[in-house]
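This report refers to the structure that appears directly beneath it.
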Amino acid sequence: MNQLSKNSILLHIGVPKTGTTALQAALANNRKELNSQNVLYPSQWRNAHHRAAWAITERTWGWKGRGGTTTPIKHWNSLVKETKTNKTVVLSSEFFCEANQRQAKKIVSDLGISRLEVVITLRPFGKLLPSAWQQYLKYGVKLTYPQWLTAILNEPRESAPTPTFWMRHDHPAVIQRWVELVGRDKVTLVVVDDSDHDFVYQAFEGMLNLSAGTLQKRKEKVSNRSMTLAEAEFLRQINLRQPDNSTWDKYESFVRRSMMHEILNSPISEENPEKLTTPSWAADKANQIALTYAEQIRSMDLKIIGDAANLATEIKGSPDQKLPESIAIAAVAIGMQGVQKNGMKRLPFNSLKNEILRRVKARFKR
């Protein structure tokens with residue numbers, strides 16, 4: 001196993017959908033034990049260091065021009081300050097992989113190249129597609145899966161309806177960007193093994209020189225299960241019906257973090273749930289991209305934990321699926337329970353403030 005030198009800063013930049021959420025939960029739940037083994041996982045918002053990543057990559061969280069917010073750079077600066085320690089430090093957010101050359105250069109400069117070790121987790125390209133589309137659904141995307149695949153795989157990348165997809169998932173380009181900044185010897189790839197759910201924990205335990213089982217014993221079930229086809233279509237239909245003047249904080253509060261959060265944290269309501277499948281034509285294209293990626297990455301001659309050959313793993317295509325026109329009543333009830341339970345905790349304060357101001361102004365005009 002590739003153990004990092006003491007006092008290193010392990011910067012885990014994703015990519016998304018490679019077990020990042022579960023790994024971050026294990027790290028966050030285990031801070032006390034990590035500290036006892038001379039490893040610091042800084043505490044920020046929730047389990048991961050997303051806010052710091054959003055700040056340094058100048059990313060808008062939500063819908064631009066419709067309530068989306070930018071994150072103050074103070075969140076990045078605060079995280080950098082926490083790395084000023086003699087301990088080994090772990091930083092983790094899949095949003096770091098969206099950094100362009102200028103932003104990545106500042107990350108390296110602020111953290112210090114002498115201590116920095118960049119770790120990138122990877123899966124075969126085709127296996128990322130269904131979960132990537134589902135994630136974009138939670139941001140309000142209205143395209144069906146085949147429509148989205150057509151736009152991603154058949155049309156120019158610069159016109160993609162979800163621009164961050166290729167920023168995240170042109171894996172050779174992401175890897176090369178960081179290799180050019182920190183050097184080949186400071187980049188480690190972890191090829192996730194889907195048949196071994198403990199693999200990613202063991203890989204990070206080895207790199208951080210942690211006692212065996214340190215992360216595995218603190219892993220937990222996280223709210224990251226895939227949607228059924230009916231659940232995905234239910235959310236897409238909600239997206240289609242969003243008013244033009246709807247704001248991100250309303251959508252995030254009531255749809256994303258209340259209704260869908262509750263549904264995806266509950267057992268599947270359908271008796272025989274149909275899973276999302278990738279059309280044959282898209283699977284063929286995805287398999288070719290995966291093979292190209294595997295060859296390009298192999299030629300980079302980097303440190304790799306896991307079997308690099310897995311990056312070329314093919315996915316099986318299926319006939320086009322018919323979109324469902326109904327969903328289990330229980331799923332809708334669970335979603336409404338989520339709104340009732342979580343809606344008040346996550347009120348869209350910006351929209352409420354604007355509405356109050358509008359009413360006050362209207363009253364004085366009378």
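What follows is calculated from the coordinates using simple rules that are stated; it is not laboratory data. Keep in mind it's a predicted model, so treat the numbers as computed, not measured. Here the Cβ is made from the backbone with ideal geometry for all residues, glycine too, and neighbour counts use every protein chain on show.
In table form, for the structure just shown:
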{"read-out": "GLU180 versus ASP244: modelled label distance in nm, points set 7 Å from Cα along the beta carbon direction", "value": "4.1"}
{"read-out": "Hz values of 3J(HN,Hα) by residue in region 207-215 - Karplus curve (6.51, -1.76, 1.60), Gly and Pro given as x", "value": "4, 8, 6, 8, 4, 4, x, 4, 7"}
{"read-out": "Using alpha-carbon coordinates, inclination of helix 171-182 to the longest axis of the chain, degrees", "value": "50"}
{"read-out": "The chain - charge dipole about Cα centre, Lys and Arg +1 at Cβ, Asp and Glu -1, debye rounded to 20", "value": "2220"}
{"read-out": "Alpha-carbon centroids, region 236-296 and region 108-183: separation in whole Å", "value": "16"}
{"read-out": "Contact order normalised by residue count of the chain, Cα under 8 Å, 6+ apart, percent", "value": "22"}
{"read-out": "Length gained when the stretch LYS341-LYS74 is fully extended (0.36 nm per residue, less Cα-Cα span)", "value": "92.9 nm"}
{"read-out": "Calculated FRET efficiency for the pair ARG31/SER5, C-beta based, R₀ 30 Å, to 0.05", "value": "0.90"}
{"read-out": "Cα-centred dipole magnitude for region 1-59, charges only on beta-carbon of K, R (+1) and D, E (-1), debye, nearest 20", "value": "100"}
{"read-out": "Dipole axis of the chain (+1 Lys, Arg; -1 Asp, Glu on Cβ), positive-most option in LEU181, GLN101, HIS75", "value": "HIS75"}
{"read-out": "Label-point separation in nm, ALA330 to ASN265, each point 7 Å along Cα→Cβ", "value": "1.9"}
{"read-out": "Cα-based Lys pair tally, region 1-146, threshold under 14 Å, eight or more apart or on separate chains", "value": "4"}
{"read-out": "Estimated 222 nm signal from helices in the chain, with DSSP H stretches of n ≥ 4 weighted -39500 (n - 2.57), rounded to 500", "value": "-13000 deg cm²/dmol"}
{"read-out": "Positive-end residue, region 1-88 charge dipole about Cα centroid, Cβ charges, pick of TRP63, ILE13, ASN29", "value": "TRP63"}
{"read-out": "Positive-end residue, the chain charge dipole about Cα centroid, Cβ charges, pick of THR121, THR292, LEU240", "value": "LEU240"}
